[in-house]
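Notes follow once the structure below has been shown.
Just so you know, all these numbers are worked out from the coordinates, no wet-lab data involved. Quick caveat, the model's predicted, so the values are computed rather than measured. Cβ coordinates were reconstructed from backbone atoms using ideal geometry, including for glycine residues, and neighbour counts include every protein chain displayed.
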Amino acid sequence: MSILAINGGQKAVKKHPKKSTIFQIMVEEQVQTVSNLVRKREISFSPVVSELEQKWAQYTKTKYCIAMNNGTATLHSAFFSVIEEPSDEIITSIHTWHLGVTPIICAGGIPIFCDIEPLTLNINPAEIERKITPRTKAICVTHCYGHPADMDEINKIAKKHNLAVIEDASHSHGCEYKGKKTGSLGDIGCFSLQGSKLMTGGEAGILNTNNKKYYQQAIILGHYERFSSLSSRYDRYKGNTETVPFMNAGFKYRIHPFAAAMALVELKYLDERNSLQLKNCTYINDGLERIEGFAGAYVAPYVTKLGWLNFLIRFDPEYFKGIPRTRIIEALQAEGIEASAGRPGYIPLVRQSMLNDRQHHPGKVIWHHFIKNHPEYKVGDYPVAEKVLFERIAINPMRDVEFDQEYLEQVLEAFRKISKHKDELK
Ligand SMILES: Cc1ncc(COP(=O)(O)O)c(C=O)c1O
């Protein structure tokens, strides 16, 4: 085992991980439930939607819930609910998916960014307070890759300044902070249920809240079919429903029943799948602690349940001095590990042209307030994100694979080889 596979040696990983039984059972149930809907012609409206909403509200221990056609729609609804005046500000992280930010602009707001914590990769609470202005309306938190953000700190700041807290929990279905589910820790929880997520409907989203006003605002934005459920005395359009029953803000965010049916089955198995994945990932995490130059994915003491959307292990750039990340990734791939630089598009948002490229802004009309009023976003203002995001390597998150110690040991052996023979990568 002394020659690296990238240099012609044998691969360390010879086994293939086996798909878990619970995953196979889940898929079969989804096939059944979706085909039943096709037969019943429940292809636009179906009771499965309210069943999903009730079960999700129970699961997250929240009062109101609306399933939608995607996660972006849930975020748009959340920002629409809290933004009152054009150019109100939403504080968010420089490290998230761009569709967690563009809906702020589409709802009339301006995103204000904070740098991240070096270990969790989530918004750094210590940065938030100095970004608050009289125009700030909310703090938006993404629980990146599944790892919950430090919500006690964030909620404390929000309370002090009377701000709403929006959680983008698109990566963290079933994950818990101090015994409570992500998405139930702030004022509005937003979840993508897109195909790659810990729980999916193929393409869908779900929003939950304990706040009736936010729930009603979400209905006004994208759910004309639910207007009869609104009281006529809600804030923004007070009285209008009595005379104009279709006071719809212009969007249609209804979930497809097939997606709702798929997601219901996923919910049933979510905890079990998260636990199995955590067992696999913890084995790798523990093993990496004993290999020089590598470390596992960080888990904060406040985390009580975890699933990994992406499993980002760490390498020490000092130990691998002179060897670029791409070279380490290639070496891991050659050893038989699925390794990559992570989710494409998850580079710090400040490097993405949508923010600063005034000539090529999309949606010149709906983005008008933003183009006119946004602050200059400078790359140098987010030094932690600029450094630590490039010190991570994404490896197969081992979701839905059976726990197989022999396979996991082979994975660790690949890391050991690379650590020991790093000079051969130069
Ligand atoms: C953090 C985050 N927010 C929002 C979204 C948007 O969700 P959707 O693709 O379901 O619209 C995603 C999707 O990947 C995401 O990762």
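Each of H223, H171 has some number of other Cβ atoms within 10 Å of its Cβ, and from fewest to most they run H223, H171. Between 0 and 90 degrees, rounded to the nearest ten: what's the tilt of helix 71-82 against the longest Cα principal axis of the chain? Helix 71-82 sits roughly 50 degrees off the main axis of the chain.
Could you let me know the centre-to-centre spacing of segment 91-164 and segment 1-41, using Cα atoms, in angstrom? Each part's Cα centre sits 35 Å from the other's. Taken along the Cα-to-beta-carbon direction at a fixed 7 Å, the label points for S196 and I3 span 3.6 nm.
What value, in deg cm²/dmol to 500, does the helix sum -39500 (n - 2.57) over DSSP H runs of n ≥ 4 give at 222 nm once divided by the residues of the chain? Don't jump to the answer; show the numbers that get you there.
Numbers: 14 runs with 155 residues, N = 426.
It lands at -11000 deg cm²/dmol.
Share of Cα-Cα pairs in segment 24-265 beyond 25 Å, in percent? Result for the distance tail: 40 percent.
Could you state the angle between the C-alpha long axis of helix 47-60 and the longest principal axis of the C-alpha atoms of the chain, as a value from 0 to 90 degrees rounded to the nearest 10? Tilt relative to the chain: about 70 degrees. Straight-line reach from K14: taking Cα to Cα under 15 Å and skipping same-chain neighbours fewer than 8 places apart, the aspartates and glutamates in range are E335, E338, D404, E406, E409, E413. The C-alpha atoms of the chain define a longest principal axis, and helix 325-334 lies at about 70 degrees to it. Above 35 Å, the calculated P(r) of the chain contains 33 percent of its Cα-Cα pairs. When the C-alpha to C-alpha distance is required to be over 20 Å, the pairs from K11/K422; K15/K417; K137/K305 that qualify are K137/K305. With a threshold of 25 Å on the Cα-Cα distance, the over-threshold entries among K18/K268; K181/K268; K160/K387 are K160/K387. Stretching K213 away from V31 to a fully extended chain increases their span by 61.8 nm, per 0.36 nm per residue minus the current alpha-carbon distance.
Efficiency by 1/(1 + (r/R0)^6): what FRET value for F45 and Y302, r their Cβ-Cβ distance, R0 = 45 Å, to the nearest 0.05?
Working: r = 41 Å, r/R0 = 0.91.
The computed FRET efficiency comes out at 0.65.
Seen from V379, the other residues with C-beta closer than 10 Å to its C-beta sum to a net charge of 0, counting Lys and Arg as +1 and Asp and Glu as -1.
In terms of the ratio Rg/(2.2 N^0.38 Å) built on C-alpha atoms, what value belongs to segment 298-354? Could you put the intermediate results ahead of the total?
Values: Rg = 14.6 Å, N = 57, 2.2 N^0.38 = 10.2 Å.
Rg over 2.2 N^0.38 Å, computed on Cα atoms: 1.42.
As a proxy for reagent exposure, ranking F113, F251, F79 by other Cβ atoms within 10 Å from fewest up yields F251, F113, F79.
Extending 7 Å from the Cα toward the beta-carbon at both R130 and R358 defines two label points whose distance is 2.6 nm.
If each residue's Cβ is checked for other Cβ atoms within 10 Å, how do C65, C140 rank with the fewest at the top? Provide the component values of the computation, followed by the final result.
On the way: C65 22, C140 28.
In order of increasing Cβ crowding within 10 Å: C65, C140.
Out of all DSSP beta bridges with both ends in segment 12-138, state the antiparallel percent to the nearest 5.
If I count the DSSP bridges inside segment 12-138, around 10 percent turn out antiparallel.
Inter-part distance, segment 169-196 to segment 320-375, computed on C-alpha centroids, equals 24 Å. Take every pair of alpha-carbon atoms less than 8 Å apart whose residues are at least six positions apart; their mean separation over the length of the chain yields a relative contact order of 23 percent.
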